[in-house]
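One structure is given here, and the rest of the page talks about it.
Each value in this text was obtained by applying a stated rule to the coordinates, not by laboratory testing. Note that the structure is predicted; figures quoted are calculated from it, not measured. All Cβ positions, glycine included, derive from the backbone under ideal geometry; neighbour counts span all protein chains shown.
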Amino acid sequence: MIKTEQFEILLLPSLLFITSIIIFNSSYVKRVIQCHVQRFHLNKLIRAQAPKTNEAKEEEHHDKIILSGIFIHPIKSLRPISVQSTTFNSLGLEGDRALMLVRPNPSSYSSFDIHKPTHRFLTQRQCPKLATIDASLPTNINQSSDPKKTVIQLSHDDAQQQNEKVFIDVSIQALRSYPVRYKAGLWDDVVDVVDVGDKAASFIQSIIKSDDD
């Protein structure tokens with residue numbers, strides 16, 4: 001006698017042969033066979049429908065764009081700011097990476113080619129402590145002398161720096177008036193940059209100087 005457990009395992013490879021010759025007269029086994037036949041057709045139906053279902057889900061996934069967060073870097077390589085909404089301008093996200101940190105190129109003093117960069121952008125790869133410095137979004141300051149003044153405030157978690165407030169004037173008038181300008185290398189590009197002053201540079205240098213040691 002063939003055990004039911006063994007029979008169920010051996011049934012599918014030769015289902016029709018076993019049904020017609022061995023167990024045709026057994027009502028119990030007939031019910032088992034019917035169950036397997038139904039299971040066989042059900043699995044076949046599932047396999048036939050599964051690719052279509054997966055494709056539909058994949059197409060739906062590709063067509064659906066999910067935005068999990070928006071982050072603005074007022075100064076490139078400093079700590080980002082999370083915002084709920086933003087606008088775009090000709091350069092991308094409004095206020096994103098409008099400023100960056102640069103340092104002199106070692107070769108700039110031996111080269112007199114005016115088209116070559118004299119400075120190179122600085123990132124967290126060279127100075128990891130840049131990630132600890134906050135730069136606020138550009139804020140309008142109401143002043144009687146200059147009602148259109150727009151500033152970015154620098155701050156740091158270090159207790160020694162908490163009481164020090166450093167503001168960078170990034171209004172159009174100020175950017176046009178800054179006298180010192182450079183050509184800076186940004187990846188494979190060379191861009192014209194404006195030096196926004198020693199106060200901001202000294203503030204950042206005092207924080208990242210340990211990275212240079």
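What's the extension gain from residue 43 to residue 91 if we count 0.36 nm per residue and subtract their Cα-Cα distance? Each step should come with its number before you reach the end.
Details: separation 48, 0.36 × 48 = 17.28 nm, distance 5.51 nm.
That pair, residue 43 and residue 91, stretches by 11.8 nm at full extension.
Rounded to the nearest 0.05, what FRET efficiency do residue 164 and residue 195 give with R0 = 22 Å and r taken as the Cβ-Cβ distance? Could you check?
Taking R0 as 22 Å, the efficiency between residue 164 and residue 195 is 0.60.
Once you put a point 7 Å from the Cα of residue 81 and another 7 Å from the Cα of residue 68, both along the Cβ direction, what distance in nm separates them?
2.4
Take residue 178 and residue 136, extend 7 Å from each Cα along the Cα→Cβ direction, and tell me the distance between the two endpoints in nm.
1.8
Could you sort the peptides 79-90, 124-135, 178-189 by per-residue average Cβ neighbour count (10 Å cutoff), highest mean leading?
Output ranking for 79-90, 124-135, 178-189: 124-135, 178-189, 79-90.
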